[in-house]
1. What's the FRET efficiency of ALA82 with ASP62 using the Cβ-Cβ distance as r and R₀ = 25 Å, to the nearest 0.05?
2. Just to be sure I understand: if I project the alpha-carbon convex hull of the range 26-177 onto a plane and average over all orientations, what area do I get in nm²?
3. Which whole number of Å³ per residue matches the convex hull of the alpha-carbon atoms in the range 12-53?
4. Can you compute the helix-only [θ] at 222 nm over the chain? Use -39500 (n - 2.57) per DSSP H run of at least 4 residues, normalise by all residues, nearest 500 deg cm²/dmol.
5. Within the chain, what is the longest stretch that has no trypsin sites (Lys or Arg not before Pro) placed in a DSSP loop and near at most 16 other beta-carbon atoms within 10 Å?
6. Return one quarter of the surface area of the convex hull spanned by the alpha-carbon atoms of the range 1-80, equal to its mean projected area, in nm².
7. Please list, ordered by chain and number, the residues whose modelled amide H lies under 5 Å from the amide H of VAL51; skip anything fewer than 5 residues away on the same chain.
8. Using the alpha-carbon atoms, what tilt in degrees (0 to 90, nearest 10) does helix 2-24 show relative to the longest principal axis of the chain?
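Read the figures in this text as sums done on the coordinates, not as results from a lab. Since we're looking at a predicted model, the values are computed, not measured. Positions of Cβ are generated from backbone atoms using ideal geometry, with glycine treated the same way; all protein chains shown enter the neighbour counts.
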Amino acid sequence: MKTRISVGALVLAAFVALGGWWYWTRTPEYSLDQAAKAIQTHDWDLFTRHVDVDGVVTSLVDAAVVAVSTQQGTAKNEWEAAGRNLGQGLAFMMKPRIAEEFRNGIRKAVEETDSKDRKIKLLSREGVDRDGKVAQAHLVFSGPNGPLFVALNMRDKGDHWQVSNIANALAVMGQIKGTDVGDRP
């Protein structure tokens, strides 16, 4: 009788452990851990499973274009306004090339950069706000001008979560430059 109870308890414990593991591997936090592991092990495929690089790049490039266009202030005359419009048009045309450079930089950072050589390091996770099939992770990184407060939007892909973009990319760029641009998470 004791053997039956012991076997039953072991089977029940195994089911609870498997259920817990199954649940954990389908959380945004687990996907963030996997992205960090991919960076440490230089595993591009694992990284792209948990990070939509194109979405992250798009948010960064869009923020860069907004930062440049809003920094200029108001034009003093029509020629200055025309010059600014031309510059913004050129920036818009260059977005695909800029995006490609960001993408290549991210890939190089994941595949080649050793952790001791990284200029930006994760300091803490401030939490994950989950709302159905979307979530926002709040992270703090070390940056050149103090802490970088980063909000990552994430989406549920069924069997895993994926970072889709940087919600506060403009603010992150401002923090890196040492200016107060955009909103913090």
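1. Efficiency, rounded to the nearest 0.05: 0.60.
2. Taking the Cα atoms of the range 26-177, their convex hull projects to 10.1 nm² on average.
3. Once divided by residue count, the hull of the range 12-53 is 71 Å³.
4. -19500 deg cm²/dmol, from helical runs alone.
5. 27-75
6. Details: hull surface 37.0 nm².
Dividing the Cα hull surface by four gives the mean projection, 9.3 nm².
7. VAL163
8. For helix 2-24, the angle is close to 10 degrees.
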